[in-house]
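Input: a single structure, listed below in structure tokens.
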């Protein structure tokens with residue numbers, strides 16, 4: 001056997017193995033191997049594909065996240081319109097739907113399929129010869145946007161279907177060359193909470209609900225960012241030549257599941273209309289037990305041969321309807337308003353209520369979100385208020401029903417109620433935050449952030465371990481990590497001598513992290529990776545950064561809000577104590593000196609990239625510009641010196657022309673670099 005043949009076989013074997021484990025983990029929720037073992041398989045495949053790039057295929061598991069960010073999403077017309085469903089909130093209207101179906105079909109009894117109505121983003125996926133080729137949003141129902149690169153990052157979506165999977169999908173009939181599957185892209189509650197915690201820590205506005213976050217994520221132009229947000233997708237429909245390929249809708253679900261797609265297990269084949277009502281009532285009581293949002297039940301005629309016969313209106317099919325659950329509300333009295341400190345240090349006002357039954361659940365508190373919301377509602381302690389549960393775990397105050405004559409106003413405390421640290425609110429921001437990096441309320445999140453790969457890169461310090469370290473009182477701030485011994489770690493649950501030694505080595509190695517990583521790891525509000533890099537380049541040491549005040553705004557892209565946040569962080573006494581412990585532990589406070597700093601012909605110049613440059617990825621071009629002293633930004637302005645134009649440029653080229661900014665091609669950029 002030749003070496004070439006051997007490598008080809010190993011690559012194909014790895015791809016099959018990775019696809020199998022992706023399906024076990026992301027679709028069946030039943031993994032057979034650890035994350036470490038899975039990553040090992042993926043790294044081996046990546047290594048082989050780098051050695052033999054001619055063997056790379058678009059459906060390889062390594063291509064879920066790849067390429068450079070898009071500049072815009074092309075519009076695509078749907079082969080079959082993606083219609084919206086008629087909604088109803090009443091059983092009477094649902095009975096009318098059943099009556100119309102029976103009358104139009106001429107049948108005395110009709111079977112239905114009940115499905116959970118997922119609160120997400122509708123999507124159509126096209127497969128050609130079993131390979132995913134296009135993913136298009138619903139848009140206006142007639143045309144949507146091609147977001148294929150983003151959908152590829154959803155690990156539950158198969159990039160390729162083998163022949164046996166296609167057999168299962170089409171019931172053993174001949175496979176169509178091209179078919180379409182439709183479904184809902186969602187974000188789980190757990191992923192939603194994690195995303196909002198990260199946005200809050202970065203000083204960005206939080207998403208209102210998982211549906212908004214899923215929709216916002218799918219419109220990101222960089223697939224790498226999409227991949228970080230852990231979207232999921234449930235499929236519910238198959239189309240071949242514009243029609244259903246199987247006689248029963250229930251068979252479609254079974255075929256999709258056997259083919260490797262993720263389908264929702266909570267569905268029911270209803271032999272009668274009474275069974276439909278029973279399914280609706282069952283899930284109204286159980287909806288909060290799910291890790292994703294639903295806002296009702298979709299009812300579809302099971303016999304797909306009736307779909308064409310029943311037809312459609314201008315906007316909706318006559319063979320399906322959505323029963324929407326009503327928001328659950330009640331009136332009660334605000335006994336007090338207190339503050340909760342979240343994992344990122346944000347202070348959230350919470351109303352303590354006279355206990356009241358809301359949809360079968362006794363509610364005694366509700367979120368007031370922030371001070372802006374309290375002022376908008378005009379709520380005071382003692383007021384009678386309307387509260388609502390609409391799928392959220394924590395109820396919310398909707399409005400004041402009757403103001404109390406002696407109602408007391410609420411004010412955010414000046415000191416953190418957990419640690420006594422300073423509380424601040426940045427200009428233009430809604431949230432008040434505790435500035436103390438060692439605040440017990442946010443310690444676990446601080447430790448996870450500190451150990452992130454792009455921060456101090458302490459591999460092995462996951463949530464379960466952080467929970468133990470904090471709960472057992474072994475770690476009270478991030479600096480305490482460096483005083484942990486191998487024996488202490490080995491005595492923790494699911495840790496042995498080998499794991500403890502490896503973690504100790506990771507912690508020790510992290511001391512050599514460069515200054516930009518250290519700054520980012522500290523978790524200073526509004527200081528992300530790029531800002532941390534710019535601060536490290538400007539000041540060169542943590543001591544100089546800590547003592548800087550007016551000079552902070554001289555740093556590129558650092559404005560008044562960010563500079564005030566940095567200064568406030570370093571003024572906090574408890575943060576100074578943590579920094580002293582980090583210094584004593586041996587963490588690097590100085591920027592590493594480059595071995596040899598070559599000429600910097602682009603010093604002070606600002607660039608914007610648009611289109612694709614031959615022979616270089618966008619990351620490589622950005623690195624070359626920055627090593628030569630230039631800066632790369634995402635948008636064109638009058639401050640831009642050059643716009644580098646590649647193949648298929650986007651709207652940035654037009655913006656550059658309108659502002660009179662100089663445009664250059666790849667060859668001209670190389671000349672500037674030399």
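Computed from the coordinates by the stated procedures, all read-outs in this text should not be read as laboratory data. Please read these numbers as outputs of a predicted model, since none were measured by experiment. For neighbour counting, all protein chains shown are included, and Cβ atoms are generated from backbone atoms with ideal geometry for every residue, glycine included.
Key figures
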{"read-out": "Packing-based exposure ordering (other Cβ within 10 Å, fewest first) of 495, 218, 56", "value": "56, 495, 218"}
{"read-out": "Relative contact order (%) - the range 113-165, alpha-carbon pairs under 8 angstrom, separation at least six", "value": "26 percent"}
{"read-out": "DSSP beta bridges in the range 328-402 [antiparallel fraction, %, rounded to 5]", "value": "95 percent"}
{"read-out": "Shape of the range 3-63, Cα gyration tensor, a/c cut at 1.5", "value": "prolate"}
{"read-out": "Mean separation of Cα contacts under 8 Å (6+ apart) over length of the range 77-324, as relative contact order %", "value": "33 percent"}
{"read-out": "Residues 449, 21, 411 arranged by fewest to most Cβ contacts within 10 Å", "value": "411, 21, 449"}
{"read-out": "Scaled radius of gyration (Cα, divided by 2.2 N^0.38 Å) that the range 423-585 gives", "value": "1.07"}
{"read-out": "Area projected by the alpha carbon convex hull of the range 77-324, averaged over all directions, nm²", "value": "13.5 nm²"}
{"read-out": "For the chain, diffusion coefficient by Stokes-Einstein and Kirkwood Rh (Cα), 25 °C, 0.890 mPa s, µm²/s", "value": "85 µm²/s"}
{"read-out": "Anisotropy class of the range 111-254 from Cα gyration tensor, a/c 1.5 cut", "value": "prolate"}
{"read-out": "Residue order, fewest to most surrounding Cβ atoms within 10 angstrom, among 233, 624", "value": "624, 233"}
{"read-out": "Fraction of alpha-carbon pairs over 24 Å apart in the range 538-674 - percent", "value": "48 percent"}
{"read-out": "Relative contact order %, the chain, counting alpha carbon pairs below 8 Å whose residues are six or more apart", "value": "10 percent"}
{"read-out": "Distance between the range 225-258 and the range 310-356 - C-alpha centres, whole angstrom", "value": "29 Å"}
{"read-out": "Global geometry of the range 328-402, whether rounded, prolate or oblate, following the gyration tensor of its Cα atoms and the 1.5 cut on a/c", "value": "oblate"}
{"read-out": "The chain, helix-only ellipticity at 222 nm - DSSP H runs n ≥ 4, -39,500 (n - 2.57), divided by all residues, nearest 500", "value": "-10500 deg cm²/dmol"}
{"read-out": "Cα-based Rg and Dmax for the range 606-673, where Dmax is the largest Cα-Cα distance (Å)", "value": "10.8, 29"}
